[in-house]
Amino acid sequence: MIKVAVAGYSGRMGSAVVDAVSAADDMEVVCGIDPYPTEQAFPTFTTIEEALSGAQFDFTQPDVVAKTLAVALPAGIDCVVGTTGMTQDTLQELASHAADGACLFYAPNFTTGAVLMMEFAKIAAPYFPEAEIIEFHHANKKDAPSGTAVRTAEIIQQSRGRDSVAPGKETENAGCEGARGAEVAGVPVHSVRSMGYVASQEVIFGSMGQTLTIRHDSWDRTSYMPGVLLGIRNVGAQHGLIVGLENFM
């Protein structure tokens with residue numbers, strides 16, 4: 001039985017993780033960690049330090065933050081993380097302090113469809129000189145662009161094997177800088193925020209006389225849960241820093 005501690009269990013995503021883990025036959029929620037505790041069927045703690053002294057568990061779940069990882073990893077706890085806005089340098093620094101055998105698994109997106117979207121973009125990137133990303137999220141999302149958009153742009157650049165410059169930045173009118181989007185790894189990224197969305201992304205490739213659009217839509221947070229469970233089931237066999245759900249698919 002895999003014992004799971006859910007950090008941020010009272011949030012929207014955390015609540016969905018609790019439900020998914022509780023429904024899995026090979027897992028159990030042994031505690032929750034949240035600075036704003038609510039009554040639960042499992043023990044709850046306000047800090048990771050309290051949880052380490054008061055509960056026995058193997059893994060911590062999203063949404064964890066850097067200070068939680070800084071305590072959990074040196075303690076030998078494998079961590080599955082979905083919190084966006086963390087840089088590669090930050091992840092590497094945190095993983096460098098992990099106890100021997102402990103793993104920090106980070107996924108910018110846990111939906112299998114989004115992972116496939118990024119894999120398809122990786123295949124297409126060398127064949128198109130232009131690429132742009134439009135990502136759509138709910139208005140309460142805390143970061144822009146999304147972690148998925150940033151990761152997609154990085155994958156496109158790596159697949160091209162060359163640095164590229166987003167076309168048209170020089171045409172932006174004075175006072176309207178950013179009209180062509182944020183440039184991430186040479187790819188223009190446009191972030192839309194509206195309560196009408198949960199999470200969607202389009203990757204648009206272009207060349208003379210044609211475009212190729214790859215789009216993924218997520219309408220419910222339950223779409224993330226198969227990927228979360230996949231991460232939990234596989235992280236124990238890994239060590240160090242692992243980035244991307246595709247490593248386990």
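Looking at (1) open to solvent by less than 30 Å² (accessible area, probe 1.4 Å); (2) at positive phi, which is the only condition A107 fails?
(2)
Test V81 against the criterion of being in contact with a Pro (Cβ under 6 Å, 6 or more places away or on another chain) and open to solvent by less than 10 Å² (accessible area, probe 1.4 Å), and give yes or no.
Taking the combined requirement at face value, the residue satisfies it.
Looking at region 1-35, which of its residues are farther than 23 Å from K67 by Cβ and in a strand (DSSP E or B)?
If the condition is that a residue be farther than 23 Å from K67 by Cβ and in a strand (DSSP E or B), then I2, M27, E28 are the ones that fit.
Among the residues of region 41-55, are any open to solvent by less than 20 Å² (accessible area, probe 1.4 Å) and under 19 Å from I242 (Cβ atoms)?
No, there is no match, as no residue in region 41-55 is open to solvent by less than 20 Å² (accessible area, probe 1.4 Å) and under 19 Å from I242 (Cβ atoms).
Residue check: is G101 surrounded by fewer than 20 Cβ atoms within 10 Å (Cβ to Cβ) and either closer than 30 Å to A179 by Cβ or touching a Cys at 6+ places or on another chain (Cβ under 7 Å) (or both)?
no
The rows are residues; the columns are (1) of a type in the set (A, V, I, L, M, F, W, C); (2) modelled with pLDDT under 85.
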| residue | (1), (2) |
| --- | --- |
| A24 | yes, no |
| Q40 | no, no |
| L52 | yes, yes |
| G76 | no, no |
| A95 | yes, no |
| K122 | no, no |
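Within region 209-225, how many residues are modelled with pLDDT of 95 or more and more than 16 Å from the chain's Cα centre (by Cα)?
Number of matching residues: 7.
Pick from S207, S223: which is closer than 19 Å to M117 by Cβ and not aliphatic (A, V, I, L, M)?
On inspection, the qualifying residue turns out to be S223.
So, in region 126-148, how many residues would count as being open to solvent by 50 Å² or more (accessible area, probe 1.4 Å) and farther than 17 Å from A199 by Cα?
Residues that pass the stated criteria total 4.
Inside region 149-176, can you point out the residues that are open to solvent by less than 10 Å² (accessible area, probe 1.4 Å) and touching a helix residue (DSSP H, G or I) at 6+ places or on another chain (Cβ under 8 Å)?
Listed by number, the residues that qualify are T152, I156.
Suppose the filter is open to solvent by less than 60 Å² (accessible area, probe 1.4 Å) and in contact with a strand residue (DSSP E or B) (Cβ under 6 Å, 6 or more places away or on another chain); does R180 pass it?
For R180, the condition - open to solvent by less than 60 Å² (accessible area, probe 1.4 Å) and in contact with a strand residue (DSSP E or B) (Cβ under 6 Å, 6 or more places away or on another chain) - is met.
The values are calculated or read from the model by the stated rules, or taken from the named source; none is laboratory data. Just so you know, these numbers come straight off a predicted model, no measurement behind them. Glycine gets a Cβ as well: all are built from the backbone with ideal geometry, and neighbour counts include every protein chain shown. Please note that ligands, DNA and RNA were not included when accessible areas were found on the heavy atoms of the full protein model with its side chains. Shrake-Rupley method; radii C 1.70, N 1.55, O 1.52, S 1.80 Å.
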